[in-house]
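What follows is a single structure, written as structure tokens, with notes after it.
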Amino acid sequence: MEVRFQQYDPESDFQIDWDENVKGGVVIAKYLGSRKEVRIPPSIQNNPVTGIEKDAFKNCVGITSVTIPDSVICIGDGAFGGCESLANVIIPNSVIKIIWNAFFECKSLVSITIPDSVTYIGGCAFSNCKNLTAINVDANNTVYSSDNGVLFNKDKTSLIQCPEGKTGTYIIPNSVTSIEREAFLNCTNLLNVIIPNSVTSIAHIAFYNCASLTSLSVPSSVTYIGVSAFEGTEWLNNQPNGLVYAGKIAYIYKGTMPANTSITLLDGTKGIASYAFANCTGLTSIAIPSSVTYIGGSAFEECTSLTVVTIPNSVTSIEAYAFIGCASLTGITLPDGITTIEDCTFTGCTSLKSVTIPNGVTSIGEEAFNFCDSLTSVIIPSSVTSIGKSAFEGCTSLTSVIIPSSVTRIGFDAFWGCTSLTSITFQGKIMEDNFDETAFYGDVRDKYFEGGIGTYTRTTDDNFTWSAQSATIILH
């Protein structure tokens with residue numbers, strides 16, 4: 001009987017590093033060879049090869065096939081990125097993680113099989129694989145599954161990635177409830193996608209650059225659509241100017257909005273997508289119905305003529321940057337259902353004079369009210385535990401603030417530049433490590449740790465030197 005021994009590339013073809021996560025293991029740091037058919041050895045210098053490091057084979061355009069030994073546990077970020085001729089790769093049953101961009105721009109890959117050992121696949125792992133028509137998953141995998149070459153979670157409730165080589169019409173299974181981030185990214189040959197009524201969420205850039213997608217019907221079951229979900233699709237290009245709806249979501253205002261425009265959203269509208277009205281400088285007012293549950297990030301960014309917004313209590317989420325740069329906004333009614341004021345939500349709202357933060361909000365994000373220089377009063381409820389970096393920085397009209405006993409952290413520059421602030425009341429204990437030294441102008445932090453709970457004041461003509469008024473010493 002003839003015995004054939006598997007031949008591997010010589011060790012000199014590989015630059016290696018120690019594997020930080022596996023004792024005694026080494027990772028392929030860089031491929032130095034010039035072969036078309038690469039066979040990675042299971043060990044180098046008597047050490048097992050346990051990983052393929054970031055960019056190890058990046059832009060090795062001549063490689064047509066790679067055999068990975070069953071000692072490898074992780075395929076790193078961009079490991080095979082830009083291997084344009086790579087048509088055949090076998091992922092062994094030892095691999096647990098396939099990191100972000102692992103096979104980015106492997107344009108000759110037609111299909112790939114995910115073994116049952118894999119428990120993590122990073123974003124864009126197979127992005128820009130233009131000819132990839134099937135991502136097949138071993139039936140014994142406990143985390144992932146596939147159907148018709150499309151990647152799903154195990155129970156097929158989340159559609160993770162449709163391979164970019166898919167053509168024509170694709171029907172999403174009725175089990176799917178969420179279409180994940182980048183799920184159909186760059187599927188330029190898809191003409192039609194049928195979304196079932198089971199779907200409730202479409203994530204960021206889900207259909208981005210599906211240039212041939214002309215037919216798309218978003219069902220009324222969808223309650224959330226992420227950033228640029230349909231950007232670059234023929235469907236969006238064909239929509240007339242004005243407010244475009246995707247199902248029950250106010251998706252985007254196309255074209256230039258006329259000056260002095262007032263908008264009333266349709267009854268039954270479920271959400272306002274990210275950037276829906278961004279840079280609509282003609283928008284002066286908007287009526288939001290009580291069916292709306294979320295306002296997306298940057299939804300009203302730089303709506304410089306918007307003066308007043310009433311947000312109904314049905315809204316439970318206002319995402320970061322939602323009203324950034326709304327320079328004419330004088331008042332805002334925040335709904336009771338929100339629990340966080342996200343980063344930069346009202347940054348640069350220079351006409352905003354007062355705000356009442358609802359009881360139930362637990363954190364005020366970074367730069368949430370940054371440079372709201374007309375803000376004279378803010379009521380922080382006893383539910384708030386954290387005031388983020390630069391949350392009220394540059395609020396030059398703010399004269400007093402009460403920090404409730406629930407607050408345990410005040411971040412870097414939280415009230416820095418609040419030059420009119422003359423009264424600060426601390427109602428509870430904040431540990432020194434959680435009270436940033438630059439949270440306020442002057443020496444109020446030092447005085448607080450000397451004097452404890454109480455009110456601290458200063459006169460407007462001094463050099464930000466604070467004095468304790470009715471303070472109670474506390475031990476920190």
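Taken together, the values in this text are just the output of simple stated rules run on the coordinates, not laboratory data. Given the structure is predicted, the values throughout are model-derived calculations rather than measurements. In this analysis, Cβ positions are derived from the backbone assuming ideal geometry, glycine residues included, and neighbour counts consider all displayed protein chains.
Assorted remarks:
- Beta bridges assigned by DSSP with both partners in segment 36-99 are antiparallel in approximately 15 percent of cases.
- Each label was represented as a point 7 Å from its Cα along the Cα-to-Cβ direction; for Thr67 and Ser383 these points are 6.2 nm apart.
- Across the chain, the longest run free of exposed loop sites, meaning GluC sites (Glu not before Pro) lying outside DSSP classes H, G, I, E and B with no more than 11 other Cβ atoms within 10 Å, spans 21-436.
- Violating pairs (Cα-Cα greater than 18 angstrom) within the set Lys97/Lys154; Lys36/Lys107; Lys30/Lys54; Lys154/Lys270; Lys36/Lys130: Lys154/Lys270; Lys36/Lys130
- FRET efficiency estimate (nearest 0.05) - Cβ-Cβ, Ser34 to Asn131, R0 22 angstrom: 0.35
- For Leu243, the amide hydrogen comes within under 5 Å of the amide hydrogens of Lys254, counting only partners 5 or more places away or on other chains and with H modelled in the peptide plane.
- Model label sites at Asp155 and Asn359, defined 7 Å from Cα along the beta-carbon direction, differ in position by 3.7 nm.
- R0 of 45 Å, Cβ-Cβ distance Ser85-Ser291: FRET efficiency to nearest 0.05: 0.30
- Remark: segment 187-203, residue by residue, has Karplus-estimated 3J(HN,Hα) of 7, 6, 9, 6, 9, 8, 10, 9, 9, x, 5, 6, 6, 10, 9, 10, 7 Hz, where x stands for each Gly or Pro and the curve is 6.51 cos²θ - 1.76 cosθ + 1.60 at θ = phi - 60°.
- In Hz, Karplus ³J(HN,Hα) per residue of segment 348-355 (6.51, -1.76, 1.60; θ = phi - 60°; x = Gly, Pro): x, 7, 6, 9, 5, 9, 8, 8
- Cα pair distances in segment 121-265, grouped into 10 Å bins until the bin that holds the longest one, percent each: 12, 42, 31, 11, 4, 1
- Virtual spin-label span in nm between Ser215 and Lys23, 7 Å along Cα→Cβ: 6.0
- Size of segment 1-132: Rg and Dmax of its alpha carbons, in Å, are 13.9, 47.
- Rounded to the nearest 500, the helix-only mean residue ellipticity at 222 nm of the chain stands at -500 deg cm²/dmol, with each DSSP H run of n ≥ 4 adding -39,500 (n - 2.57).
- For the chain: span of alpha carbons on each principal axis (Å, largest first): 97, 56, 34
- Listed by chain and number, the aspartates and glutamates whose C-alpha is less than 13 Å from the C-alpha of Lys248, apart from same-chain residues fewer than 8 away, are Asp267.
- Scaled to the globular estimate 2.2 N^0.38 Å, the Cα spread of segment 339-476, given as radius of gyration, is 0.95.
- Close amide H contacts of Val309 (hydrogens built in the peptide plane, cut-off under 5 Å, sequence separation of 5 or more or a different chain): Gly331, Thr333.
- Computed 3J(HN,Hα) for segment 381-389, one whole-Hz value per residue from the Karplus formula 6.51 cos²θ - 1.76 cosθ + 1.60 where θ = phi - 60°, is x, 6, 7, 6, 10, 9, 10, x, 3, glycine and proline marked x.
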